[in-house]
1. May I ask you to list the lysines whose Cα is less than 28 Å away from that of LYS100, ignoring any residue fewer than eight positions away on the same chain?
2. Please report, to one decimal in angstroms, the Kirkwood hydrodynamic radius of the stretch 1-115 built from all distinct Cα-Cα pairs.
3. Please give the solvent-accessible surface of LYS41 in Å², to the nearest 10, using a probe radius of 1.4 Å with every protein chain present.
4. Whenever you get a sec, line up THR115, THR30 from highest to lowest accessible area (probe 1.4 Å, protein heavy atoms).
5. Once ligands and nucleic acids are excluded and a 1.4 Å probe is used, how much of MET137 is accessible, expressed in Å² to the nearest 10?
Amino acid sequence: MNAAYVGNHVNGLPEYVNINQPTLGSNDPTAEQQRRPYYSKFPYFSNILQYSNVGRSNYDALQLSLVARSSHGLTAQASYTLADAHTTQSGESDNFPFLKDSTNVSSSYAPMASTPRQHFGLTVTYDLPGKKGFGQMLEGWSVNSAVNILSGVGVDLNDFIIDFSGTGNIIPFQGNYWN
């Protein structure tokens, strides 16, 4: 039996930061546009995206493995992983690398939607008894089986219609995030 801990921490992940995100307020489009920091210079711009290294990510996992060596031609291995992964990269789950709230990067730090928390795997191999024959064609055969069971992954809830935060963050194909 083997047990292991795996972990990593990454700072400085690239994110698109909306430097023209309006302050919180009513969801009236005109008032929202006037609350943008660059409204006085560029009243016709809504989002101004700046590529910045402000993201972060963490991964921690406990990995267990049990191997039963060959006995009468049978070999088996069972493994289990309990993982915990968090990131600010909203693009990890919805294919767009925009922060949910550019004024507060930490508000985007959440569990990764694509990483299952638990994983169990089982593999079994049986070496078939061989017979001497022409060209060794009846020797060295085996039957293999593998089973993988994974827990479910997270779900992002998006609202593509109502700008309930009044920040104008209804980005195409991304929506407004509930928390």
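The values are calculated or read from the model by the stated rules, or taken from the named source; none is laboratory data. Keep in mind that what you see is a predicted model, and the values were worked out from it rather than measured. Surface areas here come from the heavy atoms of the whole protein model, side chains and all, with no ligands, DNA or RNA. Shrake-Rupley method; radii C 1.70, N 1.55, O 1.52, S 1.80 Å.
1. LYS41
2. Details: mean 1/r = 0.0572 Å⁻¹.
One over the average 1/r among Cα pairs gives 17.5 Å for the stretch 1-115.
3. 140 Å²
4. Working: THR115 40, THR30 85 Å².
In descending accessible area the options line up as THR30, THR115.
5. Rounded to the nearest 10, that gives 130 Å².
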